[in-house]
Amino acid sequence: MSAASIAHSSRSASLAGRVRAPGDKSISHRSLILGLLSVGETRIDGLLEGEDVLATARACRELGAEVDRVGEGEWRVRGVGVGGLKSPGKALDFGNAGTGSRLMMGVVAGHPIEATFDGDASLRSRPMRRILDPLEQMGATVVFSAEGGRLPLRLKGADRPLPIVYESPVPSAQVKSAVLFAGLNAPGETTVIEREATRDHTERMLRAFGAQVTVERRGPHGRLIRLVGQPELTPAAISVPADPSSAAFPLVAALIVPGSEVALDGVMTNPLRTGLLTTLQEMGADIALTNVREEGGEEVCDLVVRAGSLTGVDVPPERAPTMIDEYPILAIAASFAVGETRMRGLHELRVKESDRLAAVHAGLLGNGVEARIEGDDLIVVGCGAVPGGGAPVTTHLDHRIAMSFLVMGLASERPVAVDDSATIATSFPSFVPLMRSLGALIDFGEE
């Protein structure tokens, strides 16, 4: 690890200012993919220009689309339509992009083409079998793969994809979306049953591009999604709202750095993405939702966040799908709270960019926070005081671990260092300048 990629944060004076987090990563990926699958030109404004999304843009080009950047966050995609994809001439390298790679597997699976999928060391370590199982039921074939269905792998799409009824064993928007994307080129209805509802951007955006998608409630927390296959998708103008998962970092920083007041503009408040907001408000956080409106088919608002005291809470497992990426930064907030915060049902954190459950636990302990893991639960015991800090954190190539512990260092007694800040560029390339604009003390290199 080079000294240049090490970053550390130090106790800061009150944070203040008005900022906008980068475009939502989930919608950015899907905008490019649906542009590829449409006939004509899709215009996208506010696209997240992080490495993960840029990898999806490159993959769309390899599959036949014209993809051009015409300004900051402004992109144009001229697609080939459902059924019009070509086999790529080289491997699709997704870097660290788990969402992009898994969604694109669904796209390829529904077309009579072959593609090789690859990525960095982190992506190569992540399980793909949960995606491949339903895609094979639809007629796709795994030509080869690394052990356990991991990358690198080569996928042969179905000559005649089959519509299926698939009940996902895990609450995963990526699994659901891959099946729906594969179902676009299948005759009849493709159905996905979720025991727990996951983020619904794919369903919303498919409708915006002209697909027939219906959603019904299934049990207390689940949903049943039906897609009518072989539509002719038409281009749509997409305005990408600010990513709530990225906004979470300046939001929590404002809560824990005394005297802070920060405004966050245009944050998506899709009901299936607001678990962190709900939890922080239960903890007593001073967060005001203002200027509530709709943009690009999604609910958005401006947030005004003020520092204050927090109290530990019990976070139910059914909330996990609505905040799965925000648990690392919630753990930081819990470190500054009074009392115990128990985050239940975090098995999905074990298969993200790293074993996030173990990585967060280790980072907390190293920096003087009492924490423990019981099964799939993470328990953080806040004492209402400032954590000691001072310990280096191993990020395991995980951008959210890096950003979370840099936020911790802004309010801890001693600076907190992370071993790799370069990975932050995968999802939030403007993280350091944005945080510095609010007054955060973040520096690079060894102290």
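Between H361, H347, which is crowded, with 19+ Cβ neighbours inside 10 Å and out of contact with any helix residue (DSSP H, G or I) (no Cβ under 6 Å at 6 or more places or on another chain)?
Working: H347 fails: crowded, with 19+ Cβ neighbours inside 10 Å.
Residue meeting the stated conditions: H361.
For E194, state whether it is among the charged types (D, E, K, R), crowded, with 18+ Cβ neighbours inside 10 Å and touching a Gly at 6+ places or on another chain (Cβ under 9 Å).
On the way: among the charged types (D, E, K, R): yes; crowded, with 18+ Cβ neighbours inside 10 Å: yes; touching a Gly at 6+ places or on another chain (Cβ under 9 Å): yes.
So E194 fits the description; yes.
Taken over region 20-52, the criterion of being farther than 16 Å from D68 by Cα and among the small types (G, A, S) is satisfied by A21, G23, S26.
Could you look through region 89-114, keep only residues that are farther than 19 Å from R30 by Cα and modelled with pLDDT of 95 or more, and pick out the one that is surrounded by the fewest Cβ atoms within 10 Å (Cβ to Cβ)? That would be K90.
Scanning region 260-291 for residues that are in a helix (DSSP H, G or I), among the β-branched types (V, I, T) and buried (at least 17 other Cβ atoms within 10 Å of the Cβ) yields a count of 1. Among the residues of region 23-39, just one is over 12 Å from the mean Cα position of the chain (by Cα) and either farther than 16 Å from L63 by Cβ or open to solvent by 20 Å² or more (accessible area, probe 1.4 Å) (or both), namely V39. Just one residue in the set A158, A182 is farther than 14 Å from A59 by Cα and either aromatic (F, W, Y) or within 25 Å of the chain's Cα centre (by Cα) (or both); that residue is A182. For region 208-259, filtered to residues that are open to solvent by less than 10 Å² (accessible area, probe 1.4 Å) and hydroxyl-bearing (S, T, Y), the residue that is farthest from R436 (Cα to Cα) is S245. Which members of region 71-89 meet the condition of being among the charged types (D, E, K, R) and over 23 Å from the mean Cα position of the chain (by Cα)? Within region 71-89, R78, K86 meet the criteria. One residue stands out among those in region 292-314 that are in contact (Cβ under 8 Å) with a residue 40 or more places away in the chain and part of a strand (DSSP E or B): the one that is most open to solvent (accessible area, probe 1.4 Å), which is R306. Of all residues in region 124-141 being free of Cβ contacts under 8 Å to residues at least 40 places away in the same chain and under 17 Å from Q174 (Cβ atoms), which is surrounded by the most Cβ atoms within 10 Å (Cβ to Cβ)? Among them, the one singled out is M128. P169 passes every criterion in (1) within 19 Å of L233 (Cβ to Cβ); (2) open to solvent by 30 Å² or more (accessible area, probe 1.4 Å); (3) not in a helix (DSSP H, G or I) apart from (1).
Got a sec? Which of E413, E446 is in contact with a strand residue (DSSP E or B) (Cβ under 9 Å, 6 or more places away or on another chain), at pLDDT below 95 and surrounded by fewer than 24 Cβ atoms within 10 Å (Cβ to Cβ)?
Values: E413 fails: at pLDDT below 95.
Every option except E446 fails the conditions.
Just to be sure before I move on: is L180 outside any loop (DSSP other than H, G, I, E, B), in contact with a Phe, Trp or Tyr (Cβ under 7 Å, 6 or more places away or on another chain) and surrounded by 20 or more Cβ atoms within 10 Å (Cβ to Cβ) in the structure I sent? Criteria not met by L180.
On the given criteria, is H361 modelled with pLDDT under 90, closer than 29 Å to R150 by Cβ and under 23 Å from the mean Cα position of the chain (by Cα)? I'd like the intermediate steps shown before the answer.
Numbers: modelled with pLDDT under 90: no; closer than 29 Å to R150 by Cβ: yes; under 23 Å from the mean Cα position of the chain (by Cα): yes.
When the stated conditions are applied, H361 does not pass them.
Taking the criterion of being under 14 Å from P250 (Cα atoms) and part of a loop (DSSP other than H, G, I, E, B), the residues of region 396-428 that qualify are L410, A411, F428.
Counting residues that are free of Cβ contacts under 8 Å to residues at least 60 places away in the same chain, which strands (runs of 3 or more DSSP E) fully inside region 7-104 reach at least 3? Lay out the reasoning, then the answer.
On the way: elements: 7-10, 16-19, 39-45, 66-71, 74-80.
Result: 66-71, 74-80.
The values are calculated or read from the model by the stated rules, or taken from the named source; none is laboratory data. Fair warning: this is a prediction, and the values are worked out from it, not measured in the lab. With ideal geometry, Cβ positions are generated from the backbone for all residues, glycine too; neighbour counts draw on all protein chains shown. Note: accessible area is taken over every heavy atom of the protein model, side chains too, but ligands, DNA and RNA are not part of it. Shrake-Rupley method; radii C 1.70, N 1.55, O 1.52, S 1.80 Å.
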